[in-house]
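Written out below as structure tokens is the structure these notes cover.
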2 protein chains.
Amino acid sequence: MLDFFFKPQAIAVIGASREPGKVGHDVLKNLLDYKFPGPVYPVNPKAQEILGLKAYPSINELPQGVDLAVVAVRAPLVPEVISLCGQKGIKGAVVLSSGFKETGREGAKLELELIESARKHKVRIIGPNCLGILDTYSRLNATFAALKPLKGKIGFFSQSGALCLAVLEWSRAEKIGLSRFVSLGNKADISEIECLRALAEDPHTEIIMGYLEGIEDGRAFTEVASQVSRQKPVIIFKSGITAAGARAASSHTGSLAGSQEAFLAAVKRAGIIRAETLREFFNLALYFAGNPPMEGPYLGILTNSGGPGIIAADACEKSSLELPTLSAETIEKLRQVLPPYASFYNPVDITGDADAERYKKALSLLLEDKTLNGLLVILSRTATVDPEAVAETLSDKKGTKPLVACFIGEESVKKAKTKLLKAHIPHFEYPEEAVSVFDKSWRYKFWLNKPRPKAKRLKVDFKRAAEVLQLVRSEGRRYFLDHEVKQILEAYGFTFPKTLLARTTDEALLAAKVIGYPVVLKLVSPQVQHKTDIGGVKLNIQNDEELVKAFQEMLISVRKRLPGVSVLGVIVQEMVYKGKEVIVGFLRDPQFGPIVMFGLGGIYVEVMKDVTFNLAPLSKEEALEMIREIKAYPVLKGIRGEPEVDMNALARSIMAMGQLVSDFPELSEGEINPLIIGPRGFKTIAVDARLSLGGEK
Amino acid sequence: MLDFFFKPQAIAVIGASREPGKVGHDVLKNLLDYKFPGPVYPVNPKAQEILGLKAYPSINELPQGVDLAVVAVRAPLVPEVISLCGQKGIKGAVVLSSGFKETGREGAKLELELIESARKHKVRIIGPNCLGILDTYSRLNATFAALKPLKGKIGFFSQSGALCLAVLEWSRAEKIGLSRFVSLGNKADISEIECLRALAEDPHTEIIMGYLEGIEDGRAFTEVASQVSRQKPVIIFKSGITAAGARAASSHTGSLAGSQEAFLAAVKRAGIIRAETLREFFNLALYFAGNPPMEGPYLGILTNSGGPGIIAADACEKSSLELPTLSAETIEKLRQVLPPYASFYNPVDITGDADAERYKKALSLLLEDKTLNGLLVILSRTATVDPEAVAETLSDKKGTKPLVACFIGEESVKKAKTKLLKAHIPHFEYPEEAVSVFDKSWRYKFWLNKPRPKAKRLKVDFKRAAEVLQLVRSEGRRYFLDHEVKQILEAYGFTFPKTLLARTTDEALLAAKVIGYPVVLKLVSPQVQHKTDIGGVKLNIQNDEELVKAFQEMLISVRKRLPGVSVLGVIVQEMVYKGKEVIVGFLRDPQFGPIVMFGLGGIYVEVMKDVTFNLAPLSKEEALEMIREIKAYPVLKGIRGEPEVDMNALARSIMAMGQLVSDFPELSEGEINPLIIGPRGFKTIAVDARLSLGGEK
């Protein structure tokens, strides 16, 4: 995929320059310095020769066989350049030039021209306003960055040029190196999605890192990421997530940031390893460059100092990891090689007088202990320990289980750190940071272990719902009437309380017969707001006799308390089981498409914001996961001896809402609130609901 | 305070050794190398001379005038050494020797001997099992650390030797330097409290950093910290906070970690700047070494790269800080000096082609803008910008408002970083970390701005409560009877629903007359568990007629449904206003003493853990703060048109519980659950309560 970008036959640099510091000069120099094996042609109408190469006056006059153009001309010229490239048979262009969408309205217009020209002449574009691309294995450095890349296993794409520079420098310092890197710039044509695919296919890329500010087609991105995550770790750092950040993002690249909830749902679905800070972004890549993910949550900690050991243990407690007790065998063996005042539990503290030899003995034993899925080795620089010797021991022992080092200090552990990095043992400055990457590696593994979610199509009456929508459409309405909302949701398997209007006792008796006892009576009067206050609601009516009595009492009570009001009648309603009130809703995110929301009703949603989201449609397992994700989950499981609610019925309700929003792009938002859910065997009842039109046509 | 430790006249090194690598050698060498101005006497019975100094065979033969001993003999000899020191008139001893409490039971016994000896001979002890102490201004380096300290403004105390080494090295690397440092070791005598006082008094210490695993007298620590925090920032990193961490702590130093809630309450009360990670611990000190706290929450961000600017903006959104729009004047001036495609909003993005000059112009304008309380300057290493020149500009401009730099990169910004550090401009590697310290500085300032909390004594019937307790004590009981709980709480101003037992309708009528309508009737029968199910509860009885009817109906219903049961009578109870259910409780923390807890009742506490704590007794403002701190606060403010609850009454309830637990050390735990709180004008009712004995005698 996109091989003409990453493994081109011949490259033309359009706008090549003789002047160092100019983008058109620096990129050409990088291409030559990095020893691109194929021909490189500078194009510049005013030069004969640049950097020892013959310069071509125009694209037209270039030799045949050029498949990649690197464009560094002034922005207004770019659309024309692209059209000439297309005519010459060039397949891809990396547009370094800035002055497009990022500069305002005029630039945005120019970018549209560029896109049009590229489409018309079948030239694919990376950029504009980007730093370039590189592939260290095909010796392609088509960037104007000053630093020379190191060959390695990180494939990186980024919407920020600054982050490109940072990753370039970091990957050199940490000796990981890069396989490919793409500065996406304004993403006029090629987006993170194609990039992700190209990095997935690249055999030299073992870890994918992506920095994003906006995601245009979140749904497609999620689908691709779900596949790629099964092959290699995909570490994404997305900024512009919060309101303030999003504001800055839209003034920066003009991209529309998706809502945080939708992005987090996508992360969950796609097994994306989300970095929460820039530092963690780098730390995660460092971890995966040296280790597979943890196979389970059990971490061992080896330390020569109590303090940092406790700090690491604290960090574990806050994570999904656990510090298991070591096997009895390991403890026994440790007793034989460690002094009696050492701590044989986890963290294993070999104490401040430990030397490299003691580290070696303890390390061997811990690596053999099958209880542990990973090992964190902490070292404080004491007089007795030689950090370099410990680093060597770690390097020798590497390979049996995930191994991470945390040598505390600056200058005094510098050489040891270098040794560790060379052996691809990730090193972090502080214990908490080491624990945090272990944690995320286990969460990733946990995702890998899960069966792929398959949204199962529920049996619903699609046709019925479609008819209702067709009717609304045919009448040119942009809203639903109450009964239409009910009809659509009933078609998708929801049940509303049965309701009939009665004006006389006879009608009420008939209604109750149709509905079945117990029933509820509610006064219907346009002038009465608070029915309960004036005796306008009677609950739990069990039989005809009670019904007649309640009906009469209600009318008498109303006439007595509010003499003048007109009574239209009485609603006879099915008595709803007093279960738990939940909310099941959906919305359509501009980037990530249909999203389902679930939470416990009332204050839990309004005040405590205890809700969870996922992409729709979704599998039963995913729906059950959503139920378990809310903090108030124990309430549904049943507290104080209450029975558990019918989890299957609840999962079905969530799935049905997901299916509805997926089936009808016209629906923009919807919610059943409350949905009453009881224990198994009780009917699930939708008490109130709304649906909004306004989505895609 | 403790001047004989930090500014001794003459020092004896007991157990001085000729052998490099031995503690008794290294500490002597450090004292000499660091050029301690007074006499230093090695004590060693087997040596004539050590490191060019005459060695003394015994403590007894030392010249007069020694006030500080540094002890490095084997652990079993230490108690005797201390007694000899005392006899010689030595006032303080830094015990470096290990082999005490940290090694197990035998060591703990030895430590008790040491303490006894010290008390008896009036020698104050730092340690044992510590790295030593230093005071860079009196040229005292009584540590056996390999690194030479840099003179500076950080005063540091630590329960972990490893952290001491780390801080020593870090303070050199970041060019901050240290004023004093104390390795607390096992804290046999001198604890963090005296240390804190000594650092507070020291004029050279401008910032205090403390690493703690356990706090023995949390209450006293909080009181001292509250005072010291008003003079200089007190940055505390406490580990062993979580359950796993606490386990590791107790196997490490045998110290009992206080509960997290109590510690967090102390932090809140004392204005402590709490570091949440080890990295943040260092970062906070770096910030305060270069800057005063922010005066308000308004941060400005200046950047040459969009990505890192957005990342910083995201971090602000998650903090208590805000990114204000700049003043119109500043924006106007920026327009004159920046290219049109720059972003004039906050973050101010001077774009990737900016040079040092452009930074300078923008920086001057932002520093002049009165809207901003602090400025974060982000730099990505581009071809056009010279990081060192920008670092120089920052150094020149320093002083007008808090200033922090974040230059992204490794080698390429190294020299610039060094320049910044020299000028005491804090530099952080990543934008989020810079924002986080700004945030904590503002929170600290916010605390400084608050009036000092003064726990006001409420008018309570202390005598009455004391009588009840006296009765319980006199009967040798370890528990309260129900009516005693009520009596105590009533004495502290709480009201329980009025309740009377009635066996006949006449008695019930009389009871209702005493209590006043409306009332509730509740069946009293030892055999009936679920009264409501068999008609055993009647609510909202308004008058005599309704009472008689309800009474008879209840008896009939019970006889009909449960023919055989014995009915003892009926409880007539005051009808409680249906307000909000809250929980007000207290507990006595082993380290931090009386703590008050507050939360919304029921599921909010049990499932959502939405509770808050503070130290007792507490001021009204603090009680109101607690109410505002819970997530469910909007429920108390009134949602969906409900009235606000009586905040003053609620605050009084919290204060009263705080006063109760403070007044009676015998009370170990207590709780009113639920306390029913209504809008202003309604009575606050304690429905159920419990009190436990078991606190201090």
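What the table below lists for this structure:
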read-out	value
Extension gain (nm, one decimal) between A:LEU471 and A:LYS498, 0.36 nm per residue minus Cα-Cα	7.3 nm
In nm, spacing of pseudo-spin labels at B:GLU201 and B:GLU223 (7 Å Cα→C-beta vector)	1.7
Within-13-Å neighbourhood charge of A:PHE438 [Cβ basis; K, R +1; D, E -1]	-1
For the range A:292-449, convex hull volume per residue from C-alpha positions, Å³	93
P(r) weight above 16 Å for the range B:553-607, C-alpha pairs, percent	69
Coil-residue trypsin sites (Lys or Arg not before Pro) of the range A:259-331, DSSP, other Cβ within 10 Å capped at 16	A:LYS318
Nitroxide proxy distance, nm - points 7 Å out along Cα→Cβ at A:VAL524 and B:LYS370	6.6
P(r) histogram, all alpha-carbon pairs of the range B:46-159 included - 5 Å bins from 0, percent	2, 11, 19, 21, 21, 14, 10, 2, 0
Rg/Rh (Cα only; Kirkwood hydrodynamic radius) as it applies to the range B:580-693	0.96
The range A:1-82: antiparallel DSSP beta bridges as a percent of all, rounded to 5	20
Copy-to-copy label separations for A:GLU49, where each label sits 7 Å from Cα toward Cβ, in nm and ascending	7.6
Computed lengthening from A:ARG628 to A:GLN336, 0.36 nm per intervening residue step minus Cα-Cα distance	100.6 nm
FRET efficiency for A:LYS459 and A:GLU642, using Cβ-Cβ distance with R0 set to 45 Å, rounded to 0.05	0.90
Value of Rg to Rh for the protein assembly as shown (Rh from inverse mean 1/r over Cα pairs, i.e. Kirkwood)	1.02
Debye intensity ratio I(q)/I(0), log10, chain A, q values 0.05, 0.07, 0.08, 0.11 Å⁻¹ (C-alpha model)	-0.37, -0.66, -0.80, -1.13
Chain A: angle of helix A:243-252 to the longest principal axis, Cα-based, in degrees nearest 10	50
B:THR495 long-range amide H proximity, modeled H, under 5 Å	B:ALA686
Mean Cα-pair separation over length for the range B:3-287, i.e. relative contact order, pairs under 8 Å, 6 or more apart, %	14
Candidate lysines - alpha carbon under 25 Å from B:LYS54, same-chain residues fewer than 8 apart omitted	B:LYS7, B:LYS22, B:LYS29, B:LYS35, B:LYS46, B:LYS88, B:LYS91, B:LYS148
Helix axis angle, B:161-173 relative to chain B longest principal axis, alpha carbon, degrees	60
Using a Förster distance of 25 Å, the FRET efficiency for B:LYS46-B:LYS120 (Cβ separation, nearest 0.05)	0.30
Share of Cα-Cα pairs in the range B:463-574 lying beyond 16 Å, as whole percent	63
Helix axis angle, A:278-290 relative to chain A longest principal axis, alpha carbon, degrees	70
Rg/Rh (Cα only; Kirkwood hydrodynamic radius) as it applies to the range B:412-483	1.52
Along each principal axis, Cα extent of the range A:368-446, largest first, Å	40, 24, 21
Taking the C-alpha atoms of the range A:3-287, convex hull volume expressed per residue in Å³	115
Residues whose placed amide H lies under 5 Å from that of A:ILE126, excluding near-sequence neighbours	A:ALA93, A:VAL94, A:VAL95
Long-range tail of P(r) for the range B:146-247 (Cα pairs > 19 Å, %)	41
Fraction of antiparallel bridges per DSSP, chain B only, in percent to nearest 5	50
Estimated inter-spin distance, A:GLU545 and B:ILE556, nm [label 7 Å along Cα→Cβ]	1.2
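Every number in this text was worked out from the coordinates using simple rules, so none of it is lab data. In this text the structure is predicted, and so the values were computed from the model without any measurement. Note: ideal-geometry Cβ built from the backbone for every residue, glycine included; neighbour counts use all protein chains shown.
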